[in-house]
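Beneath this line is the structure, given in structure tokens, with notes to follow.
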Amino acid sequence: MRWIRRLFQKSRSEKQLDQELRFHLDQQIADYVAAGIPLDEARRRARLDFGGLERVKEEVRDTRWETRLDSLFRDFRYAFRSLRKDRRFVLTAILALALGIGATTAMFSLVYNLLIDPLPYKGGNRLTVVKIHDMKESGNRDRESFSIPEFIDCRTQNHVFEDVVGSYNLNVLYDDGKGLRKTGGAFVTTNTFEFFGVPPLLGRGLTQEDGNPGAPPVFVMNYRLWQGEFSGDSTVVGKTLLVNGKPRTLVGVMPPRFQAYGARIWLPLGLYPGAEGTAAPGNLPVYLWTLGRLKPGTSLRAAAADLVVIARRLSKFYPKEYPEQFTVTTQSEVEAVMGDFRTMLYALLAAVFMLLLIACSNIASLLLARATVRQREIAIRASLGASRGRLIRQLLVESFVLSAGGCALGCWFAYFGLKELMAIIPQGPLPDEADVGLNAAVLLFALGITVLTTILNGLTPALHTVRGDLYPRLTASGKSVSGDFRHGRLRAGLVIVEVALSIVLLAGAGLLMRTCFALAHVDLGYKSKNALLVRLIFPEGHADTADQKRVFLRQVLDRVTSLPGVTSAAETVLVPPYEGWQSGLTVAGKPGFEKLTSFFDMCSEGYFQTLGIPLVRGRLLSKNDVDSARRVAVVSQTFAHVYFFQDDPIGQKFKFNVFDQVPELPHDTYFEIIGVVGDVLNQGLQTSPIPQVYIPYTTTGFGNRAILVRTAVPPDSLVAAVREQIRAVDRDVALQEAKSLESYLYERSYQTPEFGLTTLGTFAGIGLLLAIIGVFSVMAYNVSLQTHEIGVRMALGAQQSKILTMILTKGMRLVAWGVVIGFVASYGLTRFLASQIWGVSATDPWTFGTVAAIILTVGLAACLLPARRATQVDPLIALRYE
Amino acid sequence: MGEAKIELLRGTLDMLILKVVALCPSHGYAIAQRLQQISKDFFQVHQGSLYPALHRLEDRGWLQAEWKNSETGREAKFYALTKKGRRQMDAEVVNWERLCDAVGQVLRAPEEES
């Protein structure tokens with residue numbers, strides 16, 4: 001703690017220094033006297049030897065760190081004082097920086113909390129999904145789950161994972177004494193809780209012993225269920241509840257961020273034969289979704305190489321489970337969850353760095369202007385003995401003060417910006433565990449950005465200012481011509497950079513805007529407006545068979561149709577354009593379609609009317625067809641074209657090859673085509689449809705069902721009424737999802753590009769504003785420098801319009817250069833956005849043209865004001881100006 | 001005066017001071033005197049270099065200062081070598097000897113007849 005004392009007891013250390021030096025002096029005098037020199041002479045000679053007490057003291061002081069700290073304090077004080085004199089500059093600079101730093105911090109927070117460290121689990125970044133990839137399939141239809149014997153082999157034989165866990169989700173009905181409730185649950189292997197390494201909030205997690213034969217049945221609950229249904233009552237731990245018809249003891253509650261598999265209830269899965277949960281109803285095998293944690297330092301590729309050996313061995317035992325030619329792919333869990341949205345976030349992060357660069361260029365250019373004006377002051381300080389290093393430090397301190405101010409305000413902006421971002425971010429790809437906020441890592445990042453901006457903003461002007469011979473500037477009037485030329489070039493360069501970067505941002509935003517526009521105008525093939533989608537989940541024992549489903553749905557559809565505001569209602573299994581069951585077909589009397597697949601849906605007769613799908617030929621499904629489950633089918637135009645080309649499809653017969661493999665579906669059954677309807681998109685908005693078949697929903701009792709309701713009123717207003725009607729028929733049937741078809745489409749297809757557009761658009765707007773401020777300030781400054789020249793020209797008879805053109809040309813030349821460089825940069829950079837762009841080329845000339853027009857127009861406006869000021873120069877005053 | 005020369009002198013001075021202090025803890029004046037004596041008046045250490053050097057060495061923790069009564073009875077600031085200082089000095093002495101050796105070898109190299 002000595003140093004603190006020294007800092008505050010400066011006077012004392014000064015006194016000691018004085019004492020030390022005086023002792024030396026006196027000793028010298030004493031020695032001289034002893035050598036026989038008279039006292040006065042001895043004193044004189046000792047002083048001469050010593051060479052100035054104060055100078056020595058000064059040199060000693062310089063070696064001490066307090067002095068350095070002290071002078072740093074002085075630099076800060078000085079920076080504050082000199083900045084206070086120039087409030088407008090400070091406000092502009094801090095605001096520009098705050099926008100840059102705030103946007104960057106908010107964006108970084110998203111990237112950090114969603115992509116870098118989203119999972120609060122042990123080694124969250126090393127969690128890896130294993131997939132079996134069929135090398136003959138180009139699509140994304142990899143197998144991600146494994147039978148229990150496969151899982152056990154994979155777990156025990158691999159060399160790349162620390163551990164492997166398996167799980168599968170299921171619906172859980174539990175009875176808390178107040179009635180039967182339904183929630184989502186998962187059977188998990190008993191190493192799961194140790195694997196994730198999150199301590200439970202209450203009680204304990206599941207342990208190995210819970211999976212042993214004869215272990216008492218237990219379960220663990222998530223935080224939301226505990227809060228929502230048990231109102232956070234801690235005495236609930238240890239109680240026994242009926243879970244899926246079996247009494248189980250609740251042994252623990254997990255903390256809020258523990259969301260493994262999105263389940264609310266976790267059940268232990270013992271892996272011994274006959275253990276509970278190891279077989280699906282009907283004694284079918286269960287498949288475990290498998291997740292491994294890589295050993296540190298093991299790459300995904302190395303893991304795949306190790307696992308493929310195991311898979312090859314397994315494929316010999318279970319040839320049916322593996323495609324002929326396959327490979328194993330590995331993907332990090334974070335990547336698997338976030339999917340394509342990662343590209344969007346990274347693109348936005350890159351964009352925000354560009355915005356930060358624009359802000360920095362802006363400040364640097366403002367600081368340069370300031371430095372030019374302050375040349376005299378700097379020259380005076382240099383001549384009074386300030387070293388170059390000292391001057392640079394002083395200028396850097398000034399830039400740091402601005403950056404720190406910008407950082408503080410920026411974090412404040414980031415806090416609110418992040419709230420806005422989270423409100424519009426698509427929830428689909430976000431992991432449940434993610435916790436986006438300004439945490440320590442993000443704040444550290446903001447601090448790092450501040451230091452970076454200090455250097456970016458401050459160093460160039462500082463080096464420029466102290467470069468060359470400082471002394472002649474003392475004699476000049478404060479505006480040395482050579483210096484201005486140099487600074488002018490640098491500032492012009494900075495403005496060009498700003499314009500170029502904002503072109504890139506605007507081009508990106510423009511392309512996303514076009515994408516949104518294109519998506520919004522996709523023809524779905526059906527009418528999504530004023531339609532309500534309700535998905536039903538049937539608990540076991542409710543409407544199991546096809547006939548029971550028909551009875552139930554007939555009642556529900558009749559009741560819903562009679563509701564006021566409802567035009568029609570229909571049953572469906574799948575909802576276009578994202579869902580489809582696929583099957584190869586065998587057409588009677590027409591071989592050669594083995595490689596083709598079609599989508600099929602099972603619906604009621606009102607389906608086509610409800611969705612507004614037009615009939616092209618033949619007839620639609622009738623009530624009679626549905627009720628008696630006749631083997632008839634309606635096909636799409638693409639279907640007719642692909643399978644029958646110019647022949648008449650009506651009356652032709654075909655069977656679904658898939659049906660023969662599923663016990664619940666009618667085997668070896670041929671369906672007769674009775675009608676052709678218009679095409680409906682069935683592979684998402686961005687891909688053209690493949691053949692589609694519609695058959696009566698009464699064909700099988702298999703699977704959950706959905707109801708589509710066409711309304712004459714806003715569909716959301718009918719949700720409660722529809723729910724009531726369904727409850728009235730069977731109160732145990734649950735509504736999984738009830739929303740308008742439009743919001744369903746919005747979430748799946750429109751939200752991500754819209755999020756990108758809003759965010760990138762905001763960045764581009766801020767960037768444009770900053771760039772324009774840059775153009776304006778550099779032009780205004782140039783005009784003020786040229787006042788003398790303009791005065792001379794006007795005195796010699798130059799027209800006002802000539803002067804105006806001269807200034808405008810100068811300004812627009814900067815903007816034009818920025819546009820050219822920006823185009824080149826955009827051409828290279830927009831391709832990184834390519835996966836997020838659709839319906840428009842990444843180098844769309846219309847978008848680029850519009851962007852150029854915007855920049856040129858706004859740039860012209862920014863030049864106009866300074867140019868007008870130039871024309872109003874009074875030659876007499878201008879000539880006297882210097 | 002070139003920068004390099006100052007650096008060399010300063011570094012050398014630091015080493016010499018450490019060596020003198022290692023002989024026995026002493027105050028600034030005595031250090032200067034002793035340096036002059038030992039080097040047979042070769043080194044005339046100026047106060048403007050000596051005291052900054054002493055304070056610098058103290059700051060680095062190579063020297064430790066203490067106020068004690070001097071031989072004349074007056075209080076003076078005595079400098080003593082710390083453990084860190086001794087290590088530093090040993091290292092510098094080794095370096096110095098190596099340097100002298102190398103310089104000597106180069107200078108002693110026989111000139112070629114041309």
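In a residue-by-residue description of the stretch A:47-66, the property of being away from every other protein chain (no Cβ under 14 Å), among the aromatic types (F, W, Y) and in a helix (DSSP H, G or I) applies to no position. When every residue of the stretch A:137-149 is checked against the conditions, at least one turns out to be in a helix (DSSP H, G or I), open to solvent by less than 70 Å² (accessible area, probe 1.4 Å) and either under 28 Å from A:V328 (Cα atoms) or not β-branched (V, I, T) (or both).
Can you find even one residue in the stretch A:309-319 that is of a type in the set (A, V, I, L, M) and in contact with a Phe, Trp or Tyr (Cβ under 9 Å, 6 or more places away or on another chain)?
Here is the first cut: in the stretch A:309-319, the ones of a type in the set (A, V, I, L, M) are A:309-311, A:314.
From what's left, in contact with a Phe, Trp or Tyr (Cβ under 9 Å, 6 or more places away or on another chain): A:311, A:314.
Scanning the stretch A:309-319 turns up at least one residue that is of a type in the set (A, V, I, L, M) and in contact with a Phe, Trp or Tyr (Cβ under 9 Å, 6 or more places away or on another chain).
I'd like to check something: does the stretch A:610-622 contain any residue that is open to solvent by 10 Å² or more (accessible area, probe 1.4 Å), within 25 Å of A:L708 (Cβ to Cβ) and without any contact (Cβ under 8 Å) to a residue 24 or more places away in the chain? Checked against the condition, which is being open to solvent by 10 Å² or more (accessible area, probe 1.4 Å), within 25 Å of A:L708 (Cβ to Cβ) and without any contact (Cβ under 8 Å) to a residue 24 or more places away in the chain, the stretch A:610-622 yields at least one hit.
Restricting the first member to the stretch B:20-42 and to residues that are farther than 18 Å from B:M89 by Cα, and the second to residues that are of a type in the set (F, W, Y) and modelled with pLDDT under 85, the beta-carbon pairs closer than 8 Å and six or more apart or on different chains are B:Q36/B:F43.
Kindly indicate which of A:V642, A:V635, A:V676, A:V626 is open to solvent by 50 Å² or more (accessible area, probe 1.4 Å) and either in a helix (DSSP H, G or I) or more than 26 Å from A:Q548 (Cβ to Cβ) (or both). Give the derivation first.
Working: A:V635 fails: open to solvent by 50 Å² or more (accessible area, probe 1.4 Å); A:V676 fails: open to solvent by 50 Å² or more (accessible area, probe 1.4 Å); A:V626 fails: open to solvent by 50 Å² or more (accessible area, probe 1.4 Å).
None of the others qualify; the one that does is A:V642.
Candidates in the stretch A:208-224 are the residues that are under 18 Å from A:V198 (Cα atoms) and of a type outside the set (D, E, K, R); of these, the one that is surrounded by the fewest Cβ atoms within 10 Å (Cβ to Cβ) is A:Q208. Using beta carbons and a limit of 6 Å, which pairs, at least six apart or on different chains, have the first residue in the stretch A:371-397 and assigned by TED's automatic domain parsing to the domain that holds A:T454 and over 22 Å from A:T454 (Cα atoms) and the second one open to solvent by 50 Å² or more (accessible area, probe 1.4 Å) and in a helix (DSSP H, G or I)? That search, which allows pairs on different chains as well, returns A:A379/A:L474.
Checking A:F89 against (1) surrounded by 15 or more Cβ atoms within 10 Å (Cβ to Cβ); (2) among the aromatic types (F, W, Y); (3) within 14 Å of chain B (Cβ to nearest Cβ), only one condition comes out false. Which one? Here A:F89 clears every test but (3). If you check A:E742, A:E724 for being surrounded by fewer than 23 Cβ atoms within 10 Å (Cβ to Cβ), among the acidic types (D, E), part of a helix (DSSP H, G or I) and over 31 Å from the mean Cα position of the chain (by Cα), only one passes: A:E724. On inspection, B:Q88 passes the criterion of being touching a Phe, Trp or Tyr at 6+ places or on another chain (Cβ under 6 Å) and in contact (Cβ under 8 Å) with a residue 40 or more places away in the chain. Scanning the stretch A:244-276 for residues that are open to solvent by 70 Å² or more (accessible area, probe 1.4 Å) and polar (S, T, N, Q) gives a single hit, A:N244. When the criteria are applied in full, B:L57 meets the requirement of being crowded, with 17+ Cβ neighbours inside 10 Å, at the interface with another protein chain (Cβ under 10 Å from one of its Cβ atoms), part of a helix (DSSP H, G or I) and at pLDDT below 90. Here A:A79 clears all of (1) within 60 Å of the chain's Cα centre (by Cα); (2) among the aliphatic types (A, V, I, L, M); (3) within 14 Å of another protein chain (Cβ to nearest Cβ); (4) surrounded by 17 or more Cβ atoms within 10 Å (Cβ to Cβ) except the condition numbered (3). Considering (1) part of a strand (DSSP E or B); (2) away from every other protein chain (no Cβ under 14 Å), the lone condition that B:Q64 does not fulfil carries the number (2). With respect to A:N682, determine if the residue is in contact (Cβ under 8 Å) with a residue 24 or more places away in the chain, open to solvent by 30 Å² or more (accessible area, probe 1.4 Å) and on the phi < 0 side of the Ramachandran plot. Against the criterion (in contact (Cβ under 8 Å) with a residue 24 or more places away in the chain, open to solvent by 30 Å² or more (accessible area, probe 1.4 Å) and on the phi < 0 side of the Ramachandran plot), A:N682 does not qualify.
Hey, among the residues in the stretch A:314-336 that are at pLDDT below 85 and of a type in the set (D, E), which one's least open to solvent (accessible area, probe 1.4 Å)? Selected residue: A:E321.
Residues A:A870, A:A842, A:A798: which one is part of a loop (DSSP other than H, G, I, E, B) and farther than 25 Å from A:A507 by Cβ? Explain how you work it out, then say what you get.
On the way: A:A870 fails: part of a loop (DSSP other than H, G, I, E, B); A:A842 fails: farther than 25 Å from A:A507 by Cβ.
On inspection, the qualifying residue turns out to be A:A798.
Scanning the stretch B:21-54 for residues that are among the hydroxyl-bearing types (S, T, Y) and either open to solvent by 40 Å² or more (accessible area, probe 1.4 Å) or within 12 Å of chain A (Cβ to nearest Cβ) (or both) yields B:S26, B:Y29, B:S49, B:Y51. Consider the stretch A:700-721 and keep the residues that are touching a strand residue (DSSP E or B) at 6+ places or on another chain (Cβ under 6 Å) and within 23 Å of A:H542 (Cα to Cα). The one that is surrounded by the fewest Cβ atoms within 10 Å (Cβ to Cβ) is A:N704. Among residues that are at pLDDT 90 or above, open to solvent by less than 40 Å² (accessible area, probe 1.4 Å) and of a type outside the set (F, W, Y), A:L447 is not included. Tallying residues that are more than 12 Å from the chain's Cα centre (by Cα), in a helix (DSSP H, G or I) and not polar (S, T, N, Q) within the stretch B:39-50 yields 1.
The residues in the stretch A:82-115 that are under 24 Å from A:Q394 (Cα atoms) and of a type in the set (A, V, I, L, M) can be counted, and the count is 10.
Checked against the criteria, B:A76 does not count as open to solvent by less than 90 Å² (accessible area, probe 1.4 Å) and more than 14 Å from chain A (Cβ to nearest Cβ). Restricting A:V560, A:V522, A:V497, A:V504 to residues that are in a loop (DSSP other than H, G, I, E, B) and in contact (Cβ under 8 Å) with a residue 12 or more places away in the chain narrows the list to A:V522. Does A:L384 satisfy being at pLDDT below 80 and open to solvent by 10 Å² or more (accessible area, probe 1.4 Å)? Considered against the rule, which asks whether it is at pLDDT below 80 and open to solvent by 10 Å² or more (accessible area, probe 1.4 Å), A:L384 comes out as yes. When the stretch A:8-41 is filtered for residues that are within 14 Å of chain B (Cβ to nearest Cβ), among the polar types (S, T, N, Q) and open to solvent by 70 Å² or more (accessible area, probe 1.4 Å), only A:Q19 remains.
Scanning the stretch A:821-836 for residues that are touching a residue at least 24 places away in the same chain (Cβ under 8 Å) and either open to solvent by 20 Å² or more (accessible area, probe 1.4 Å) or in contact with a Pro (Cβ under 6 Å, 6 or more places away or on another chain) (or both) yields A:I821, A:F823, A:A825, A:L829, A:F832, A:S835, A:Q836.
The values are calculated or read from the model by the stated rules, or taken from the named source; none is laboratory data. This is a predicted model, so every value here is computed, not measured. Positions of Cβ are generated from backbone atoms using ideal geometry, with glycine treated the same way; all protein chains shown enter the neighbour counts. Just so you know, the surface numbers come from the protein's heavy atoms only, side chains and all, with ligands and any DNA or RNA stripped out. Shrake-Rupley method; radii C 1.70, N 1.55, O 1.52, S 1.80 Å.
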